[in-house]
């Protein structure tokens with residue numbers, strides 16, 4: 001497979017507009033500006049490209065929701081890459097920023113937006129500096145600003161640096177933050193396509209999704225759709241980290257075997273170690289085990305396996321790690337990042353951390369594992385956004401798939417800390433004394 005997003009990604013000077021144009025950069029924009037917007041929208045639909053930020057919603061369909069009325073419309077790039085294990089957008093922005101800018105201009109032209117923003121996480125200082133320079137170069141070359149390439153289309157592009165909050169990766173929380181408010185998720189509906197930034201229709205997508213648009217216009221939507229497999233078209237950037245010998249970003253065609261990614265590309269765990277479990281789509285995805293390594297890496301296969309492709313971040317955990325430690329670390333992160341706006345997330349993440357701390361210290365009982373599992377079930381689907389689910393899904397899957405290890409950990413910790421015998425398991429009727 002020929003790389004698309006990572007084609008000669010390490011070429012020196014690729015972040016400069018001269019190198020980018022020498023390689024054919026902005027030719028897709030010229031081609032797009034010469035077409036009717038309806039035709040461009042059909043190309044995006046024909047590509048079958050599903051959003052690469054986590055939800056996997058088709059880009060063409062999402063763009064079609066933007067009303068055609070002559071009103072203020074906005075395009076927002078979600079560059080708040082804060083999902084643990086995900087670092088692909090960072091490399092794209094740092095090494096090939098003009099590909100993102102070109103994709104944004106084409107997307108804005110397609111939906112009739114004249115104002116656009118890149119919301120980048122505050123920790124990405126270097127990447128933000130690179131983007132600032134690239135935006136200035138694009139404007140000086142006539143690709144941004146008034147009457148782009150004498151097409152009659154104008155577009156302003158502003159880079160906005162966030163303050164480092166996981167919740168601002170959620171699209172409506174991002175929009176509130178972009179407006180200068182605290183980054184809290186909004187109740188939906190209305191959806192951003194109808195009432196988004198400054199209450200105007202807004203198309204919001206992540207870096208990888210928007211950066212793919214020039215390739216779609218260059219190749220043609222139907223040709224791009226031939227890559228990958230049915231319902232999971234195209235290539236995907238996968239961030240592989242954890243217990244592997246060659247961690248990093250890899251561009252694959254969707255439908256590739258997960259084993260080939262983890263072992264073939266990333267080298268698998270160190271010699272003598274085995275895969276214990278792995279997160280297929282960032283830390284918020286339900287875990288899979290070594291028995292699932294031959295599942296193909298695509299949206300439908302992951303959903304069928306009870307998990308999700310998510311942001312495309314594979315985190316591998318080998319048999320040298322404690323499942324209890326992983327669960328507690330996860331829960332602590334999401335508890336810290338919860339905005340506290342809705343009760344199931346605010347209280348559920350807090351309770352989960354406390355219960356897992358009891359498990360870790362040996363103060364818990366098997367009944368507590370039932371309570372932990374029950375709390376996760378009550379969180380899922382009952383929050384304003386998916387932050388609560390992002391903790392509940394992986395923690396719930398860890399308890400379900402590794403319950404014997406949780407129970408063994410409790411026993412060992414009780415003995416180690418001199419806490420005596422474990423109280424009766426949950427299956428026994430508790431004795432009440434009044």
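Between the Cα long axis of helix 343-361 and the first principal axis of the chain there is an angle of about 50°, rounded to the nearest 10.
Could you tell me the distance between the Cα centroids of region 296-340 and region 4-69, to the nearest Å? Comparing the Cα centres of region 296-340 and region 4-69, I get a distance of 30 Å.
Computed from the alpha carbon positions, the gyration tensor of the chain leads to an equivalent ellipsoid with semi-axes of 43, 24, 18 Å, biggest first.
With no solvent and one point per C-alpha, what does the Debye sum give as log10 I(q)/I(0) for region 129-195 at q = 0.17, 0.23, 0.27 Å⁻¹? The computed values of log10 I(q)/I(0) come out as -0.78, -0.92, -1.02.
Starting from the Cα gyration tensor of region 3-71, take the square roots of the eigenvalues, sort them a ≥ b ≥ c, and report rounded, prolate or oblate (rounded when a/c is under 1.5, otherwise prolate if a/b is larger than b/c, else oblate). Since a/c reaches 1.5 but b/c is at least a/b, the shape of region 3-71 is classed as oblate. Per residue, the Cα convex hull of region 21-125 amounts to 119 Å³.
Angle of helix 366-379 to the longest C-alpha principal axis of the chain, folded into 0 to 90 degrees and rounded to 10: 30°.
If you take all C-alpha pairs in region 157-261, what percent of them are over 22 Å apart? Value for region 157-261: 53 percent of Cα pairs lie more than 22 Å apart.
For region 314-395, the Kirkwood estimate of hydrodynamic radius, built from reciprocal distances between every pair of different alpha carbons, is 12.9 Å. Would region 71-126 count as rounded, prolate or oblate if I go by the C-alpha gyration tensor, calling it rounded below 1.5 in a/c and otherwise prolate when a/b exceeds b/c, oblate otherwise? Prolate is the answer for region 71-126, as a/c is 1.5 or above and a/b outweighs b/c. Give me the log10 of I(q) over I(0) for region 17-227 at q = 0.07 Å⁻¹, as the Debye formula computes it from C-alpha points; what are the numbers? One equal scatterer on each Cα of region 17-227 leads to -0.18.
One way to sum up the overall shape of region 238-318 is the equivalent ellipsoid from its Cα gyration tensor, whose semi-axes run 18, 13, 11 Å, largest first.
Taking the longest Cα principal axis of the chain as reference, the axis of helix 387-401 is set at about 50 degrees. Inter-part distance, region 84-123 to region 370-422, computed on C-alpha centroids, equals 37 Å.
Return the calculated 222 nm mean residue ellipticity for the chain, to the nearest 500 deg cm²/dmol, obtained by summing -39500 (n - 2.57) across DSSP H runs with n ≥ 4 and dividing by the residue count.
Estimated from H runs of four or more residues: -12500 deg cm²/dmol.
Values in this text are rule-based calculations from the coordinates and carry no lab data. No experiment lies behind these values; they were computed from the predicted model shown.
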